[in-house]
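Every read-out reported here was derived from the displayed coordinates using simple, explicitly stated rules and does not represent laboratory data. Computed from a prediction, not measured in an experiment: that's the story for all the values here. So basically every Cβ, Gly included, is an ideal-geometry build from the backbone, and we count neighbours across all protein chains shown.
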Ligand code: GLN
């Protein structure tokens, strides 16, 4: 067993490594996703795009890279998401650092960001202050700051480790965001945040009871504090955001929220019953209701 492994480690062309990885991953993820993950891993290891990897397919992988390949393979076979294995996730054209302290940014969140930018572009307020609640990797304010450079951005998270990741990402991307470690569910703590014109959030919203139906690579690796809410209070973050907005969101201010596909109506009722006009739900690219926008009167 040891000898066989040693031979694999000693000699391996790019083509062999690619086939080995994608066939092993296909058992776990199916051929399509396995090939997408393989592409990400091979690009990370070689630094080459697909076309260059094809041209160099008969090249031997250098020893150090082979060791890295084996480590990645072992981790991927435990169903660890490729983003955590490589410590990188693509989001709105940026390569962000991620580890298991932060949620892997999702494409739906890109849609929420685009919605905010569209609304802001149509308004005549060039310089606004935006707060992101539960920033995780910092993906939301960093992406927004790049597209709205004259605006101010604050972002909070309960986890000091997540704040560390978010600060690293902001600095890697060359933008300034005010990051604050705050337990947003604590009224005293959230009351210390500044007044803003816009609140955006992709808060935890999955009831704990649903954890059994989630993919293993999500539930076994992504931070539970970023995913789950108590079964008896699934709207806890939306209620806290509403409470905060009472005295911290300026008049005519807007709120952009991501939400659970089954809770769209419940969340919008919450806003309609308060001082909000134009409460609007929006579907994502897959046709699921996943976003809400509300404007304060
Ligand atoms: N704002 C981050 C994201 O959208 C983190 C969200 C969270 O931790 N619930 O990815």
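Couple of notes before you dig in:
- Shape annotation for the stretch 232-297: C-alpha extents along the principal axes are 35, 27, 16 Å, from largest to smallest.
- FRET E, pair residue 212, residue 11, Förster distance 51 Å, beta-carbon r, rounded to 0.05: 0.70
- Spatial separation of Cα centroids for the stretch 66-134 and the stretch 237-297, in angstrom: 22 Å
- Gain in span if fully extended, residue 87 to residue 26, counting 0.36 nm per residue against the direct Cα distance: 19.8 nm
- Sites residue 111 and residue 63, calculated FRET efficiency, Cβ-Cβ separation with R0 41 Å, nearest 0.05: 0.40
- Beta bridges per DSSP with both ends in the chain, % antiparallel, nearest 5: 45 percent
- Mean ellipticity per residue at 222 nm, deg cm²/dmol - from DSSP H runs of n ≥ 4 across the chain, formula -39500 (n - 2.57): -14000 deg cm²/dmol
- A convex hull fitted around the alpha carbon atoms of the chain yields 148 Å³ per residue.
- Length released on extending from residue 191 to residue 78, taking residue separation times 0.36 nm less the Cα-Cα span: 36.5 nm
- Ordering of 51-64, 160-173, 267-280 by packing [mean C-beta count within 10 Å, highest first]: 160-173, 267-280, 51-64
- Spin-label model, residue 95/residue 171: points 7 Å from Cα along the beta carbon direction are separated by 1.9 nm.
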